[in-house]
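Colleague: Before I ask anything, let me first share the structure, which is written out below as structure tokens.
FYI, it's all coordinate maths here, none of it is from the lab. Please read all numbers here as calculations on a predicted model, not as lab measurements. Cβ: placed from backbone, ideal geometry, glycine included. Neighbour counts: every protein chain shown.
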Amino acid sequence: MTRLSALRPNLDLMPSPLADRPGLLMRDPFRYAEGMLVIPTPLVPCLAFFNGRYLESEVRDALSRLTGDARVGDVLAHLARILSEGGFLD
């Protein structure tokens with residue numbers, strides 16, 4: 001069983017300044033993560049699960065029940081991969 005890793009605690013989070021990409025801008029002030037990410041507005045609440053306490057399967061099942069869409073697990077997996085590859089997770 002895989003736990004979702006925690007977001008790094010020292011990230012800068014702010015509303016996206018890009019009109020064509022609304023959401024939450026994430027960047028690393030220490031530049032460990034070289035890039036920046038814009039998390040789309042509908043996915044921002046999902047970031048609360050990236051605290052190291054939740055199993056990926058628990059979150060996937062809960063989101064599937066809330067949305068009624070089993071494909072939400074694919075979105076969660078994609079978000080976890082992007083955050084990890086970008087260096088935004090512990």
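Colleague: Among the numbered conditions (1) exposed (fewer than 13 other Cβ atoms within 10 Å of the Cβ); (2) assigned to a helix (DSSP H, G or I); (3) touching a Leu at 6+ places or on another chain (Cβ under 8 Å), tell me where Met14 comes up short.
Modeller: Tallying (1) exposed (fewer than 13 other Cβ atoms within 10 Å of the Cβ); (2) assigned to a helix (DSSP H, G or I); (3) touching a Leu at 6+ places or on another chain (Cβ under 8 Å), Met14 fails exactly one: (2).
Colleague: Taking into account only those residues within the range 33-59 that are among the small types (Gly, Ala, Ser) and closer than 16 Å to Gly86 by Cβ, which is surrounded by the fewest Cβ atoms within 10 Å (Cβ to Cβ)?
Modeller: Gly35
Residue by residue, here is whether (1) touching a helix residue (DSSP H, G or I) at 6+ places or on another chain (Cβ under 7 Å); (2) within 28 Å of Asp61 (Cα to Cα); (3) without any contact (Cβ under 8 Å) to a residue 60 or more places away in the chain; (4) not β-branched (Val, Ile, Thr) holds:
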| position | (1), (2), (3), (4) |
| --- | --- |
| Ala6 | no, yes, no, yes |
| Met14 | no, no, yes, yes |
| Pro17 | no, no, yes, yes |
| Pro22 | yes, yes, yes, yes |
| Asp28 | no, no, no, yes |
| Tyr32 | no, no, yes, yes |
| Ile39 | yes, yes, yes, no |
| Val44 | no, yes, yes, no |
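Colleague: So Phe30 fits all but one of (1) surrounded by 12 or more Cβ atoms within 10 Å (Cβ to Cβ); (2) outside any helix (DSSP H, G or I); what number is the exception?
Modeller: The number of the failed condition is (1).
Colleague: All but one of (1) within 16 Å of Thr2 (Cβ to Cβ); (2) buried (at least 16 other Cβ atoms within 10 Å of the Cβ); (3) not hydroxyl-bearing (Ser, Thr, Tyr) hold for Val72; state the number of the condition that does not hold.
Modeller: (1)
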